[in-house]
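One structure below.
Derivation of every value follows stated rules applied to the coordinates shown; laboratory data play no part. As the structure is a prediction and not an experimental result, all values here were calculated from the model. Counting neighbours? That spans all protein chains shown, and the Cβs are built from the backbone with ideal geometry, glycine included.
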Amino acid sequence: MNKKIVVILTLSIIILLILGATIYIKKNNQTTNNQTTTEEQEIAQNNNETNEVNEIFETHEENGLTITQVKPNIQYQTVLAGILKNDKPTEEDINNMQTKQLTKTGIWVSSQSREAFSNLLQANGINDYTINEEGYLQATNSNPTSDSQKINEAINSKMQYIIDCQGKTYTRDDLTGEITEYPFEQMDPYQTIDTYSNQTQPTSKILEITTNKLNKVTNEQILQDLLLNLQEEDNT
């Protein structure tokens, strides 16, 4: 009888040891798998972040120094998204902007700036233009002045000029890539225009014009700087 009890206890102990070993191995394998999954996720995340950085930034040598900055086309898209939204754009706004892209050439004026831009032209004695429902500048006089002729050439060029009169833009920081407000007029009230170019087709240029709230520059200065920017990239 005692021998039977000993055998039963021995078998019970062996079974318990086997069960314990099995549970330990399963837990150990699960921990290893979790660690592997976590490492794979971290690697994938790091790769995604690296790809995003590569998409946003570019580097070049200047005076023996390596300069890192946001790619011009990426900066342009960010600024344009802010103009179309009339507010700080999100990454989603920028990604969805393809459906809102301006495709026509000529001079397009943002909806929030049409009155201010018309006032700028009129302050310089230029009254022979209207802005149509789509936002494009159109000539109404067949006998333009010298300044009007320069504007007409820009309207009929293969360039696309985007006019905004806010005195600020929303840009990506050249160090972090973060989208922030860039109040160029507040930083330098003597600066008349801030520009951003895009080399895809059609070739486009954003002209962000000062509001001149502090009257640090004249309307004539603003107009002449505008005309200069309308000419310098017109290759027609």
List the GluC sites (Glu not before Pro) in the stretch 152-217 that DSSP assigns to loop (not H, G, I, E or B) and whose Cβ has at most 10 other Cβ atoms within 10 Å. Which are they? GLU178
If you add up the charges near SER142, with Lys and Arg at +1 and Asp and Glu at -1, over every other residue whose beta carbon is less than 15 angstrom from its beta carbon, what do you get? -2
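Please give the net charge around VAL217, taking every other residue with its beta carbon less than 12 angstrom from that of VAL217, where Lys and Arg add +1 and Asp and Glu add -1. The partial results should precede the final answer.
On the way: positive: LYS213, LYS216; negative: GLU185, ASP188, GLU220, ASP225.
Here the charged neighbours net out to -2.
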